[in-house]
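One structure is given below, encoded as C-alpha cells.
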Amino acid sequence: MKKVAILLLISCLSISLTRANTTEPTNNIEIGNALNVTAESGLKMRTSPGLDSKVITIIPFGEAVQILPDFLEEPSSETIEWVEGTWRLVSYGEEEGYVFDGFLTHLPVPYYAFEQSVEDLDLTYPLMSWTEYHYDVVAQADTTISKDRTKVTQQYTDGVVMKKYDNKYLYKVQVELENTRMMDAYQLLQNMLLDESEKITFRNKSLFIQTKNVELDKITVEVDNPVEIRKIGENKVRITVFTFNEGCSL
C-alpha cells in the first residue's frame, strides 16, 4: 500500500513564489506544439527564464502559444503553488519570450455557459458538457444495468473515456484523460466554476496527497458535490465528480 503524506492546502493559488516539493512530469511540451493558457489572470511572457526578468506582455486566459526551439541551457524544474514546470520559449502573436509552462495545457479551456457551474460548486454537468463538446465519440456507448445501478461507458477521441454511474442516491461522472498532469485537471475544473467566490471555496477545500516519493498522487475537494483527481497511470489522470441527488437519471 502506498504511504501518503497529506498536506494542508495553501489558501490561494494566484501566481506567487509559494513553493512545494511535489514532482510531476510535464506533458505535450514539445517544439511546435500549440498550448493553451490556463492562468485566469493571464500568463506573463518574460525576456528570459525566471520570475525576476522583465515582462514583455501578459497572455490572456485561453489564448494559445507556440513552443519554440530554445538554445539556452535547459532550465531546471520549478514548482509554483503546486504546479511544476519549466520556463519555455514561446511565440504569441508578434512576440517571443519565456513563460512558465505549468500554466500551459493541451486540454481545451472551458469558455461557454454550458461548461460552467450553476450553483453549489456542482461540476458534474459542466465536466460532462466539456467532454462531449470538445471530443468526438469513437464507439457506441457500453451500458451495464445491475439491480441498483446503471453504468454507461463512452469512448472519445484522444483516448478520453467518460463513465457515468447512476443509482437512487448518487450520480457520479468519471473522465479519464491521457497525457495530462494532475494540476492540468485541477486547473480545468477551477476554470469551470461560476465566479471567484466559488473558486476560493474550491481551493480552500482542496487537499493534495503525495506518495512516499514526493509525487502528487491525488487531489480531493471536500465540497457538497465532492471532486477527486487521481493519477491512474503514467501521464494519465481520472477526474471524478459526485452529485448526491435522488432521482437523477442518465
- [ ] Answer yes if at least one residue in the range 63-70 is buried (at least 16 other Cβ atoms within 10 Å of the Cβ) and modelled with pLDDT of 90 or more, and no otherwise.
- [x] yes
- [ ] Could you check L250 against (1) modelled with pLDDT under 90; (2) aliphatic (A, V, I, L, M); (3) in the same structural domain as V137 (by TED's automatic domain parsing) and say which number it fails?
- [x] (3)
- [ ] Would you mind finding the one in L123, L104 that is surrounded by 20 or more Cβ atoms within 10 Å (Cβ to Cβ) and touching a helix residue (DSSP H, G or I) at 6+ places or on another chain (Cβ under 8 Å)?
- [x] L123
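Listed here are the residues, each with its yes/no results for (1) over 18 Å from S129 (Cα atoms); (2) at pLDDT 95 or above; (3) outside the structural domain of A139 (by TED's automatic domain parsing).
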{"position": "V160", "(1), (2), (3)": "no, yes, no"}
{"position": "K168", "(1), (2), (3)": "yes, no, no"}
{"position": "V175", "(1), (2), (3)": "no, yes, no"}
{"position": "L188", "(1), (2), (3)": "no, yes, no"}
{"position": "K205", "(1), (2), (3)": "yes, yes, no"}
Open item on the list: As an exercise: evaluate I229 against (1) β-branched (V, I, T); (2) touching a strand residue (DSSP E or B) at 6+ places or on another chain (Cβ under 7 Å); (3) outside any strand (DSSP E or B) and give the number of the one condition it does not meet.
Closed with: (3)
TODO: Can you tell me which residue within the range 180-221, out of those that are touching a strand residue (DSSP E or B) at 6+ places or on another chain (Cβ under 7 Å) and assigned to a loop (DSSP other than H, G, I, E, B), is farthest from T124 (Cα to Cα)?
DONE: V214
Task: the range 104-146, residues that are part of a helix (DSSP H, G or I), out of contact with any Ser or Thr (no Cβ under 6 Å at 6 or more places or on another chain) and touching a residue at least 60 places away in the same chain (Cβ under 8 Å) - done: L127, W130
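The values are calculated or read from the model by the stated rules, or taken from the named source; none is laboratory data. Bear in mind that the values here come from a model prediction, so they are computed numbers and not experimental data. Quick reminder, even Gly has a Cβ in these numbers, built from the backbone with ideal geometry, and neighbours come from all protein chains shown.
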